[in-house]
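Asker: Got a structure for you, written out below as C-alpha coordinates; questions coming shortly.
The values are calculated or read from the model by the stated rules, or taken from the named source; none is laboratory data. On a predicted model such as this, the values are computed, not experimentally measured, just so you know. Every residue, glycine as well, gets a Cβ built from its backbone with ideal geometry; the counts of neighbours run over all protein chains shown. Note: accessible area is taken over every heavy atom of the protein model, side chains too, but ligands, DNA and RNA are not part of it. Shrake-Rupley method; radii C 1.70, N 1.55, O 1.52, S 1.80 Å.
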Amino acid sequence: LPVRNGFYTTNAHARNAYTPQEIVGGISQDEILLPELLKKKDYISKIVGKWHLGHRTQYLPLKHGFDEWFGAPNCHFGPYNDSFRPNIPVYNNSEMKGRYYEDFEINVKTGESNLTQIYLEEGLKFISQRATAQRPFFLYWAPDATHAPVYASKHFLGKSQRGRYGDAVMELDYSVGQILAQLVSLGIHNNTLVFFTSDNGASVMSGPHQGGSNGPFLCGKETTFEGGMREPAIAWWPGRIPAGTVSHQLGSVMDFFSTSLSVAGVLPPDDRVIDGLDLSSALFNSSLQDRPIFYYRGNQMMAVRIGQYKAHYWTWSNSWEEFNMVTHNLQLLLLSPDKNIACGACGGWKVTGARSRASLTRNVMAVIDKPEGKSFTR
(Lines give C-alpha, C1' and ligand atoms only; values in the text may rest on other atoms or scores of the structure.)
Protein backbone atom coordinates (compact mmCIF):
# COMPACT_ATOMS: atom_id res chain seq x y z
CA LEU A 1 0.00 0.00 0.00
CA PRO A 2 2.63 2.54 -0.99
CA VAL A 3 0.16 5.38 -1.65
CA ARG A 4 -1.56 5.45 1.71
CA ASN A 5 1.51 4.47 3.70
CA GLY A 6 4.08 6.64 1.98
CA PHE A 7 2.50 9.37 -0.09
CA TYR A 8 1.10 11.30 2.83
CA THR A 9 4.17 11.27 5.03
CA THR A 10 7.10 10.02 2.92
CA ASN A 11 7.88 7.45 5.60
CA ALA A 12 8.23 3.82 4.63
CA HIS A 13 5.39 1.33 4.61
CA ALA A 14 6.71 -0.48 7.66
CA ARG A 15 6.39 2.63 9.80
CA ASN A 16 2.78 3.40 8.98
CA ALA A 17 -0.70 2.09 9.63
CA TYR A 18 -2.78 0.16 7.13
CA THR A 19 -6.12 -0.28 8.81
CA PRO A 20 -8.78 -2.79 7.73
CA GLN A 21 -12.21 -2.22 9.18
CA GLU A 22 -11.63 -4.48 12.17
CA ILE A 23 -8.49 -2.62 13.30
CA VAL A 24 -9.13 0.13 15.84
CA GLY A 25 -5.78 1.91 15.40
CA GLY A 26 -4.63 4.31 12.74
CA ILE A 27 -1.95 6.66 11.57
CA SER A 28 0.44 7.86 14.27
CA GLN A 29 -0.09 11.31 15.72
CA ASP A 30 3.64 11.85 15.26
CA GLU A 31 3.41 11.75 11.47
CA ILE A 32 3.43 15.07 9.61
CA LEU A 33 1.32 14.83 6.48
CA LEU A 34 1.77 16.65 3.20
CA PRO A 35 -1.34 18.87 3.57
CA GLU A 36 -0.15 20.00 7.00
CA LEU A 37 3.11 21.27 5.54
CA LEU A 38 1.43 22.86 2.52
CA LYS A 39 -0.52 25.13 4.88
CA LYS A 40 2.72 27.11 5.25
CA LYS A 41 2.09 28.35 1.70
CA ASP A 42 -1.65 28.91 2.23
CA TYR A 43 -2.76 25.75 0.41
CA ILE A 44 -6.28 24.39 0.85
CA SER A 45 -6.32 20.57 0.71
CA LYS A 46 -9.05 18.06 -0.02
CA ILE A 47 -9.20 14.28 -0.24
CA VAL A 48 -11.89 12.67 -2.38
CA GLY A 49 -12.33 8.91 -2.04
CA LYS A 50 -10.58 6.31 0.09
CA TRP A 51 -8.50 7.26 3.14
CA HIS A 52 -7.62 3.88 4.73
CA LEU A 53 -5.41 5.13 7.57
CA GLY A 54 -7.87 4.67 10.41
CA HIS A 55 -11.64 4.93 10.77
CA ARG A 56 -11.96 6.36 14.27
CA THR A 57 -12.43 10.10 14.65
CA GLN A 58 -8.87 10.88 15.74
CA TYR A 59 -7.44 9.19 12.65
CA LEU A 60 -9.63 10.77 9.97
CA PRO A 61 -8.27 13.21 7.32
CA LEU A 62 -9.53 16.43 8.92
CA LYS A 63 -7.46 15.58 12.00
CA HIS A 64 -4.33 15.26 9.87
CA GLY A 65 -4.10 18.40 7.77
CA PHE A 66 -6.83 18.04 5.17
CA ASP A 67 -9.36 20.89 5.12
CA GLU A 68 -12.06 18.97 3.26
CA TRP A 69 -13.01 15.36 2.67
CA PHE A 70 -15.64 13.49 0.73
CA GLY A 71 -15.26 9.74 0.83
CA ALA A 72 -14.81 6.75 3.09
CA PRO A 73 -12.25 5.70 5.69
CA ASN A 74 -12.04 2.21 4.11
CA CYS A 75 -12.52 0.48 0.79
CA HIS A 76 -16.06 -0.38 -0.41
CA PHE A 77 -15.97 -3.93 0.94
CA GLY A 78 -19.35 -5.52 1.50
CA PRO A 79 -22.22 -5.60 1.52
CA TYR A 80 -22.59 -6.40 5.21
CA ASN A 81 -25.90 -6.67 7.01
CA ASP A 82 -25.30 -7.12 10.71
CA SER A 83 -24.25 -4.94 13.63
CA PHE A 84 -20.97 -6.81 14.11
CA ARG A 85 -19.69 -5.58 10.76
CA PRO A 86 -21.73 -2.64 9.42
CA ASN A 87 -21.29 -1.27 5.92
CA ILE A 88 -18.52 1.28 5.42
CA PRO A 89 -19.61 4.90 6.13
CA VAL A 90 -19.23 7.75 3.64
CA TYR A 91 -18.36 11.21 4.97
CA ASN A 92 -18.72 14.78 3.82
CA ASN A 93 -16.05 16.41 5.98
CA SER A 94 -16.96 15.37 9.54
CA GLU A 95 -20.57 14.44 8.78
CA MET A 96 -21.49 10.89 7.90
CA LYS A 97 -23.76 11.03 4.84
CA GLY A 98 -24.61 7.35 4.66
CA ARG A 99 -23.07 3.95 4.00
CA TYR A 100 -21.91 1.97 1.00
CA TYR A 101 -24.59 -0.39 -0.41
CA GLU A 102 -27.32 1.47 1.53
CA ASP A 103 -27.28 5.20 0.81
CA PHE A 104 -24.49 4.89 -1.78
CA GLU A 105 -25.56 1.94 -3.87
CA ILE A 106 -23.19 -0.60 -5.40
CA ASN A 107 -24.91 -3.44 -7.23
CA VAL A 108 -22.53 -6.37 -6.79
CA LYS A 109 -24.44 -8.49 -9.30
CA THR A 110 -24.46 -5.99 -12.18
CA GLY A 111 -21.48 -3.86 -11.13
CA GLU A 112 -23.44 -0.64 -11.44
CA SER A 113 -22.67 2.32 -9.17
CA ASN A 114 -22.39 6.06 -9.75
CA LEU A 115 -19.75 6.55 -7.04
CA THR A 116 -17.01 7.52 -9.48
CA GLN A 117 -19.25 10.23 -10.91
CA ILE A 118 -19.99 11.49 -7.40
CA TYR A 119 -16.27 11.61 -6.67
CA LEU A 120 -15.65 13.38 -9.98
CA GLU A 121 -18.24 16.05 -9.20
CA GLU A 122 -16.69 16.61 -5.78
CA GLY A 123 -13.24 17.04 -7.31
CA LEU A 124 -14.41 19.41 -10.04
CA LYS A 125 -16.35 21.52 -7.53
CA PHE A 126 -13.31 21.86 -5.28
CA ILE A 127 -11.05 22.92 -8.17
CA SER A 128 -13.57 25.51 -9.34
CA GLN A 129 -14.00 26.95 -5.84
CA ARG A 130 -10.28 27.25 -5.25
CA ALA A 131 -9.69 28.85 -8.65
CA THR A 132 -12.45 31.39 -8.00
CA ALA A 133 -10.94 32.21 -4.61
CA GLN A 134 -7.46 32.35 -6.20
CA ARG A 135 -6.09 30.06 -3.54
CA PRO A 136 -3.43 27.40 -4.12
CA PHE A 137 -4.84 23.93 -3.62
CA PHE A 138 -3.92 20.28 -3.22
CA LEU A 139 -6.49 17.71 -4.34
CA TYR A 140 -5.93 14.03 -3.61
CA TRP A 141 -8.49 12.25 -5.81
CA ALA A 142 -8.63 8.58 -4.78
CA PRO A 143 -11.50 6.62 -6.35
CA ASP A 144 -11.53 2.86 -5.78
CA ALA A 145 -13.78 1.59 -8.58
CA THR A 146 -11.17 -0.89 -9.84
CA HIS A 147 -10.92 -2.57 -6.44
CA ALA A 148 -13.09 -5.66 -6.09
CA PRO A 149 -16.04 -5.61 -6.09
CA VAL A 150 -15.43 -3.60 -9.28
CA TYR A 151 -18.07 -1.09 -10.34
CA ALA A 152 -18.84 1.50 -13.04
CA SER A 153 -21.73 3.84 -13.75
CA LYS A 154 -24.52 2.87 -16.13
CA HIS A 155 -23.08 4.98 -18.96
CA PHE A 156 -19.84 2.93 -18.96
CA LEU A 157 -21.04 -0.57 -18.12
CA GLY A 158 -20.56 -2.91 -21.07
CA LYS A 159 -18.73 -0.31 -23.14
CA SER A 160 -15.17 -1.67 -22.96
CA GLN A 161 -13.68 -4.83 -24.47
CA ARG A 162 -12.31 -5.88 -21.09
CA GLY A 163 -15.47 -6.59 -19.14
CA ARG A 164 -16.43 -4.89 -15.91
CA TYR A 165 -12.84 -4.07 -14.98
CA GLY A 166 -12.29 -2.40 -18.34
CA ASP A 167 -15.52 -0.45 -17.88
CA ALA A 168 -14.25 0.88 -14.54
CA VAL A 169 -10.90 1.87 -16.06
CA MET A 170 -12.70 3.57 -18.95
CA GLU A 171 -14.71 5.64 -16.49
CA LEU A 172 -11.60 6.59 -14.53
CA ASP A 173 -9.91 7.62 -17.78
CA TYR A 174 -12.91 9.77 -18.65
CA SER A 175 -12.91 11.31 -15.19
CA VAL A 176 -9.22 12.22 -15.29
CA GLY A 177 -9.87 13.82 -18.67
CA GLN A 178 -12.66 15.91 -17.14
CA ILE A 179 -10.35 17.09 -14.37
CA LEU A 180 -7.66 18.12 -16.86
CA ALA A 181 -10.25 19.88 -19.02
CA GLN A 182 -11.48 21.77 -15.96
CA LEU A 183 -7.98 23.03 -15.22
CA VAL A 184 -7.63 24.21 -18.82
CA SER A 185 -11.04 25.90 -18.89
CA LEU A 186 -10.22 27.78 -15.67
CA GLY A 187 -6.90 28.91 -17.11
CA ILE A 188 -4.83 27.40 -14.31
CA HIS A 189 -3.30 24.45 -16.18
CA ASN A 190 0.06 26.18 -16.61
CA ASN A 191 0.32 26.54 -12.85
CA THR A 192 -0.84 23.07 -11.81
CA LEU A 193 1.09 19.80 -11.45
CA VAL A 194 -1.05 16.70 -11.95
CA PHE A 195 0.36 13.29 -11.06
CA PHE A 196 -1.44 10.05 -11.89
CA THR A 197 -0.48 6.66 -10.49
CA SER A 198 -1.81 3.58 -8.70
CA ASP A 199 -1.18 2.09 -5.28
CA ASN A 200 -0.23 -1.37 -6.60
CA GLY A 201 -0.23 -3.59 -9.65
CA ALA A 202 -3.33 -5.32 -10.94
CA SER A 203 -4.99 -7.90 -8.73
CA VAL A 204 -4.48 -10.95 -10.94
CA MET A 205 -5.92 -13.30 -8.30
CA SER A 206 -9.30 -11.54 -8.59
CA GLY A 207 -10.01 -13.19 -11.92
CA PRO A 208 -10.76 -11.75 -15.36
CA HIS A 209 -13.78 -9.68 -14.32
CA GLN A 210 -12.50 -8.17 -11.06
CA GLY A 211 -8.81 -7.68 -11.87
CA GLY A 212 -6.54 -6.32 -14.56
CA SER A 213 -3.39 -7.42 -16.35
CA ASN A 214 0.23 -6.55 -15.59
CA GLY A 215 1.36 -7.39 -19.10
CA PRO A 216 4.87 -8.85 -19.13
CA PHE A 217 5.50 -8.22 -15.44
CA LEU A 218 5.58 -11.12 -13.00
CA CYS A 219 2.64 -11.71 -10.59
CA GLY A 220 0.52 -8.86 -9.21
CA LYS A 221 -0.93 -7.15 -6.18
CA GLU A 222 0.17 -8.43 -2.75
CA THR A 223 3.57 -9.45 -4.09
CA THR A 224 6.84 -7.54 -4.38
CA PHE A 225 7.47 -8.81 -7.90
CA GLU A 226 7.30 -6.20 -10.67
CA GLY A 227 3.66 -7.01 -11.42
CA GLY A 228 2.76 -6.08 -7.87
CA MET A 229 4.88 -2.98 -7.43
CA ARG A 230 5.53 -1.36 -10.82
CA GLU A 231 2.71 1.07 -11.62
CA PRO A 232 2.07 3.69 -14.28
CA ALA A 233 3.27 7.17 -13.36
CA ILE A 234 2.17 10.12 -15.48
CA ALA A 235 3.08 13.72 -14.67
CA TRP A 236 1.25 16.57 -16.44
CA TRP A 237 2.20 20.22 -16.29
CA PRO A 238 1.80 22.17 -19.55
CA GLY A 239 4.69 24.55 -20.05
CA ARG A 240 6.93 22.71 -17.56
CA ILE A 241 6.87 19.06 -18.63
CA PRO A 242 7.09 18.50 -22.41
CA ALA A 243 4.34 16.23 -23.74
CA GLY A 244 5.49 12.75 -24.68
CA THR A 245 8.58 12.80 -22.46
CA VAL A 246 9.56 9.37 -21.10
CA SER A 247 11.78 9.03 -18.03
CA HIS A 248 13.43 5.87 -16.73
CA GLN A 249 13.91 7.37 -13.28
CA LEU A 250 13.42 4.74 -10.57
CA GLY A 251 10.94 6.21 -8.12
CA SER A 252 8.49 5.54 -5.34
CA VAL A 253 5.22 7.24 -4.47
CA MET A 254 7.04 8.39 -1.33
CA ASP A 255 9.05 10.67 -3.61
CA PHE A 256 5.96 12.67 -4.45
CA PHE A 257 5.93 13.98 -0.87
CA SER A 258 9.39 15.50 -1.20
CA THR A 259 8.80 16.57 -4.80
CA SER A 260 5.53 18.33 -3.92
CA LEU A 261 7.18 20.24 -1.11
CA SER A 262 9.95 21.32 -3.46
CA VAL A 263 7.49 22.50 -6.12
CA ALA A 264 5.49 24.42 -3.48
CA GLY A 265 8.61 25.96 -1.96
CA VAL A 266 8.22 24.28 1.41
CA LEU A 267 11.12 22.78 3.35
CA PRO A 268 10.65 19.22 4.64
CA PRO A 269 10.75 18.60 8.41
CA ASP A 270 14.29 18.21 9.74
CA ASP A 271 13.46 16.22 12.88
CA ARG A 272 12.97 12.83 11.17
CA VAL A 273 14.23 10.56 8.43
CA ILE A 274 12.74 11.45 5.05
CA ASP A 275 12.60 8.41 2.79
CA GLY A 276 11.32 10.10 -0.35
CA LEU A 277 13.56 11.99 -2.78
CA ASP A 278 12.88 15.23 -4.60
CA LEU A 279 12.48 14.13 -8.22
CA SER A 280 11.94 17.62 -9.63
CA SER A 281 15.08 17.26 -11.73
CA ALA A 282 13.69 14.09 -13.33
CA LEU A 283 10.35 15.75 -14.04
CA PHE A 284 11.59 19.07 -15.34
CA ASN A 285 15.16 18.49 -16.54
CA SER A 286 15.12 14.80 -17.59
CA SER A 287 18.06 14.05 -15.29
CA LEU A 288 18.29 10.75 -13.39
CA GLN A 289 19.17 9.98 -9.79
CA ASP A 290 20.82 6.68 -8.86
CA ARG A 291 19.07 5.25 -5.81
CA PRO A 292 17.92 1.97 -4.25
CA ILE A 293 14.28 1.00 -3.71
CA PHE A 294 13.32 -1.23 -0.77
CA TYR A 295 10.24 -3.46 -0.93
CA TYR A 296 8.33 -4.25 2.24
CA ARG A 297 5.42 -6.49 3.11
CA GLY A 298 4.28 -5.52 6.58
CA ASN A 299 7.40 -4.96 8.65
CA GLN A 300 9.53 -7.32 6.60
CA MET A 301 11.82 -6.14 3.82
CA MET A 302 11.31 -8.63 0.99
CA ALA A 303 13.38 -7.19 -1.85
CA VAL A 304 15.73 -4.41 -2.88
CA ARG A 305 16.24 -2.90 -6.31
CA ILE A 306 19.29 -1.00 -7.51
CA GLY A 307 19.21 0.18 -11.11
CA GLN A 308 18.25 -2.76 -13.31
CA TYR A 309 19.00 -5.34 -10.59
CA LYS A 310 16.47 -6.56 -8.05
CA ALA A 311 17.20 -9.05 -5.26
CA HIS A 312 14.36 -11.01 -3.65
CA TYR A 313 14.93 -12.35 -0.13
CA TRP A 314 11.41 -13.68 0.18
CA THR A 315 8.81 -14.14 -2.57
CA TRP A 316 5.13 -14.89 -2.77
CA SER A 317 5.93 -18.60 -3.12
CA ASN A 318 8.33 -18.89 -0.16
CA SER A 319 7.16 -20.34 3.13
CA TRP A 320 8.20 -18.82 6.44
CA GLU A 321 10.26 -21.97 7.03
CA GLU A 322 12.22 -21.36 3.84
CA PHE A 323 12.54 -17.68 4.67
CA ASN A 324 14.06 -18.43 8.07
CA MET A 325 16.52 -21.03 6.81
CA VAL A 326 20.17 -20.30 7.57
CA THR A 327 21.08 -21.17 3.99
CA HIS A 328 18.84 -20.19 1.11
CA ASN A 329 18.92 -18.98 -2.46
CA LEU A 330 18.85 -15.28 -3.18
CA GLN A 331 16.90 -14.63 -6.37
CA LEU A 332 18.47 -11.88 -8.45
CA LEU A 333 16.66 -10.50 -11.48
CA LEU A 334 17.88 -8.25 -14.25
CA LEU A 335 15.04 -5.90 -15.16
CA SER A 336 14.49 -4.01 -18.37
CA PRO A 337 12.29 -0.91 -18.73
CA ASP A 338 9.78 -3.03 -20.67
CA LYS A 339 9.83 -6.43 -19.06
CA ASN A 340 11.14 -8.66 -16.29
CA ILE A 341 13.72 -11.24 -17.20
CA ALA A 342 15.86 -13.49 -15.07
CA CYS A 343 19.55 -12.73 -15.12
CA GLY A 344 21.08 -16.06 -16.12
CA ALA A 345 24.57 -14.99 -15.08
CA CYS A 346 23.32 -14.09 -11.63
CA GLY A 347 20.70 -16.77 -11.00
CA GLY A 348 20.88 -18.96 -7.92
CA TRP A 349 23.36 -17.00 -5.85
CA LYS A 350 23.97 -18.97 -2.69
CA VAL A 351 23.70 -17.09 0.60
CA THR A 352 25.37 -18.78 3.55
CA GLY A 353 25.76 -17.94 7.21
CA ALA A 354 23.40 -16.23 9.61
CA ARG A 355 21.29 -14.05 7.37
CA SER A 356 21.05 -10.29 7.86
CA ARG A 357 18.96 -8.11 5.57
CA ALA A 358 21.41 -5.24 5.95
CA SER A 359 24.44 -7.40 5.13
CA LEU A 360 22.70 -8.99 2.14
CA THR A 361 21.75 -5.59 0.79
CA ARG A 362 25.32 -4.33 1.16
CA ASN A 363 26.59 -7.43 -0.62
CA VAL A 364 24.17 -6.97 -3.51
CA MET A 365 25.18 -3.32 -3.83
CA ALA A 366 28.88 -4.23 -3.68
CA VAL A 367 28.76 -6.81 -6.48
CA ILE A 368 26.07 -5.30 -8.66
CA ASP A 369 28.67 -4.49 -11.32
CA LYS A 370 30.32 -7.93 -11.02
CA PRO A 371 27.61 -10.55 -11.64
CA GLU A 372 30.23 -13.27 -11.96
CA GLY A 373 30.49 -13.34 -8.15
CA LYS A 374 28.51 -16.32 -6.89
CA SER A 375 28.82 -16.62 -3.11
CA PHE A 376 28.09 -14.42 -0.15
CA THR A 377 29.17 -15.19 3.40
CA ARG A 378 28.26 -12.89 6.19
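Asker: Compute, for THR110, the solvent-accessible surface of its heavy atoms (probe 1.4 Å) with the complete set of protein chains present, and express it in square angstrom to the nearest 10.
Answerer: Around 70 Å² of this residue is reachable by solvent.
Asker: Between LYS40 and GLU105, what length in nm is gained on full extension when 0.36 nm per residue of separation is reduced by their alpha carbon distance?
Answerer: Numbers: separation 65, 0.36 × 65 = 23.40 nm, distance 3.89 nm.
Difference between extended and current length: 19.5 nm.
Asker: While we're here: Which whole-number percent is the relative contact order of the stretch 34-290 (Cα, under 8 Å, 6+ apart)? Could you put the intermediate results ahead of the total?
Answerer: Working: 433 pairs, mean separation 36.5, N = 257.
Relative CO of the stretch 34-290 lands at 14 percent.
Asker: Keeping all protein chains in the complex and leaving out DNA, RNA and ligands, what accessible area do you get for PHE138 with a 1.4 Å probe, in Å² to the nearest 10?
Answerer: Approximately 30 Å² of PHE138 is accessible to the 1.4 Å probe.
Asker: While we're here: Once you charge only the Cβ atoms, +1 for Lys and Arg and -1 for Asp and Glu, what is the size of the charge dipole of the stretch 34-290 about its Cα centre, to the nearest 20 debye? Write down the numbers at each step before the final one.
Answerer: Working: 22 positive and 26 negative charges, 75 e Å.
Value, rounded to 20: 360 debye.
Asker: Shifting gears a bit: Which entries in LYS39/LYS125; LYS221/LYS310; LYS40/LYS221; LYS40/LYS63 show an alpha-carbon gap greater than 27 Å?
Answerer: On the way: LYS39/LYS125 20 Å; LYS221/LYS310 18 Å; LYS40/LYS221 36 Å; LYS40/LYS63 17 Å.
In this structure, LYS40/LYS221 lie more than 27 Å apart at Cα.
Asker: Which distance in nm do the two modelled labels at ASP30 and LYS159 give, with both placed 7 Å along the Cα-to-Cβ direction?
Answerer: Label-label distance for ASP30 and LYS159, simple model: 4.8 nm.
Asker: While we're looking at this one, here's another question. I need the trypsin sites (Lys or Arg not before Pro) found in the stretch 33-118, filtered to DSSP loop residues with at most 16 other beta carbons within 10 Å of theirs.
Answerer: The qualifying sites are ARG56, LYS109.
Asker: How many percent of DSSP beta bridges within the stretch 34-290 run antiparallel, rounded to 5? Before the final figure, lay out the partial values.
Answerer: Values: 11 of 24 bridges.
Taking every DSSP beta bridge within the stretch 34-290, about 45 percent pair in antiparallel fashion.
Asker: Now for a separate question. Using alpha-carbon positions, what is the distance between the centroids of the stretch 33-57 and the stretch 164-179, in Å?
Answerer: If you average the Cα positions of each part, the centres end up 24 Å apart.
Asker: May I pose another question? Would you kindly state how much longer the chain becomes between ILE234 and TYR80 on full extension, computed as 0.36 nm times their sequence separation minus their alpha carbon distance, in nm to one decimal?
Answerer: Numbers: separation 154, 0.36 × 154 = 55.44 nm, distance 3.63 nm.
Using 0.36 nm per residue and subtracting the Cα-Cα distance, I get 51.8 nm.
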